[in-house]
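Notes for the one structure printed next.
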Amino acid sequence: MKIKKIALVVYEIVFFFPILASAYDLKEYYPLNQGNTWKYLVTEDQKSHEDVVKIEGWKTVGNLEAQKIVHSNEDYGCLTFDSEGLKQHRYFDKYGYEVFVPPEIVLPDGIRAGETKEYLMDKIVYNPTGEKIDEKKESRKISLESIEDVKVLAGEFKNCLKFSIISEGKDISGNYYNEDDCTVWLAQNVGEVKSFCIEKEYNPETRRKDTFIEVRELISAIINGKNIGSQELPTK
């Protein structure tokens with residue numbers, strides 16, 4: 001019996017260790033450094049356009065200095081990294097800006113394959129003059145589904161992290177709601193190489209239910225000075 005017991009202990013150590021070792025360092029898969037640039041082909045409802053996304057500048061958010069991730073249309077988010085993961089504090093567009101309380105977990109750090117994490121937050125919406133115009137309750141469920149190879153316009157990327165991200169939001173009345181169901185692939189030392197999202201919205205005033213589909217595919221990138229994909233530099 002002692003021999004069997006010892007063998008069982010060894011068996012648990014050998015097979016438990018890989019599980020502990022499978023947590024991923026998100027910074028290796030989302031290089032948030034100034035100047036890093038990604039060019040995507042974006043297809044929405046069968047219409048395509050390019051979006052150039054660049055880490056460009058800083059924005060003071062409370063007592064933090066957040067990095068600005070700027071899109072071709074000049075919309076931008078304010079991002080930081082900490083022990084919980086990649087966080088978005090605010091998002092600015094031509095209609096005003098959104099404040100996330102607590103900050104939105106874009107992607108969690110230290111997550112393991114097969115693991116799911118859930119988050120709750122308030123999204124407060126302001127117009128360009130700073131007047132509060134809306135408030136929503138939102139939830140996010142993020143799962144690291146698997147590790148797989150992905151082929152996109154920029155090339156083939158091995159051992160990408162495949163995330164499932166499901167977000168649900170309701171206004172204070174509980175009537176208007178939206179749901180986003182996204183699959184996102186991140187490549188090591190590159191960042192997001194592909195995403196597929198289905199967005200559903202319900203407006204109680206019009207009683208309309210709308211569904212939108214968006215696919216983003218990496219064309220090229222400059223990461224820490226290195227060209228990835230097309231040798232042509234991404235430009236706005």
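Results, tabulated for the structure shown:
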quantity	calculated
Residues (modelled with pLDDT of 95 or more and part of a loop (DSSP other than H, G, I, E, B)) located in the stretch 180-212	Gln188, Asn189, Val190
Output for the stretch 194-210, where each listed residue is more than 20 Å from the chain's Cα centre (by Cα) and among the polar types (S, T, N, Q)	Asn203, Thr206
Which listed residue, of Phe81, Phe100, Phe92, is in contact with a helix residue (DSSP H, G or I) (Cβ under 9 Å, 6 or more places away or on another chain) and closer than 22 Å to Ser139 by Cα	Phe81
Residue check, Gly114 surrounded by fewer than 20 Cβ atoms within 10 Å (Cβ to Cβ), closer than 23 Å to Ser164 by Cβ and either out of contact with any Pro (no Cβ under 8 Å at 6 or more places or on another chain) or not aliphatic (A, V, I, L, M) (or both)	yes
Residue check, Lys27 farther than 22 Å from Gly110 by Cβ and either in a helix (DSSP H, G or I) or modelled with pLDDT of 95 or more (or both)	no
Check on Thr211, loosely packed, with under 15 Cβ neighbours inside 10 Å, free of Cβ contacts under 8 Å to residues at least 12 places away in the same chain, of a type outside the set (Lys, Arg) and closer than 25 Å to Asp122 by Cα	no
Residue within the stretch 49-62 that is outside any strand (DSSP E or B) and at pLDDT 95 or above present	no
Filtered residues of the stretch 44-95 (kept if among the small types (Gly, Ala, Ser) and under 29 Å from Ala23 (Cα atoms))	Ala66, Gly77, Ser83, Gly85
Filter result for Tyr97 (closer than 30 Å to Ile147 by Cβ and assigned to a strand (DSSP E or B))	no
Filtered residues of the stretch 27-55 (kept if touching a Ser or Thr at 6+ places or on another chain (Cβ under 9 Å) and charged (D, E, K, R))	Lys39, Glu50, Asp51, Lys54
Test result for Val42, among the aliphatic types (A, V, I, L, M), modelled with pLDDT of 95 or more and surrounded by 14 or more Cβ atoms within 10 Å (Cβ to Cβ)	yes
Hits in the stretch 158-167 - residues which are buried (at least 18 other Cβ atoms within 10 Å of the Cβ) and either outside any strand (DSSP E or B) or of a type outside the set (Val, Ile, Thr) (or both)	Cys160, Leu161, Phe163, Ser167
Qualifying positions in the stretch 115-130 - touching a strand residue (DSSP E or B) at 6+ places or on another chain (Cβ under 7 Å) and not in a strand (DSSP E or B)	Glu115, Asn127, Pro128
Hey, Asn224 more than 17 Å from Val53 (Cα to Cα) and either out of contact with any helix residue (DSSP H, G or I) (no Cβ under 9 Å at 6 or more places or on another chain) or exposed (fewer than 13 other Cβ atoms within 10 Å of the Cβ) (or both) or not	no
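Here is a yes/no grid of residues against (1) at pLDDT 95 or above; (2) buried (at least 17 other Cβ atoms within 10 Å of the Cβ); (3) assigned to a strand (DSSP E or B); (4) in contact with a helix residue (DSSP H, G or I) (Cβ under 6 Å, 6 or more places away or on another chain):
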residue: Val106; (1), (2), (3), (4): yes, yes, yes, no
residue: Lys136; (1), (2), (3), (4): no, yes, yes, no
residue: Val150; (1), (2), (3), (4): yes, yes, yes, no
residue: Glu156; (1), (2), (3), (4): yes, no, yes, no
residue: Gly169; (1), (2), (3), (4): no, yes, yes, no
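The values are calculated or read from the model by the stated rules, or taken from the named source; none is laboratory data. Bear in mind the structure is a predicted one, so any value in this text is a computation, not a measurement. Note: ideal-geometry Cβ built from the backbone for every residue, glycine included; neighbour counts use all protein chains shown.
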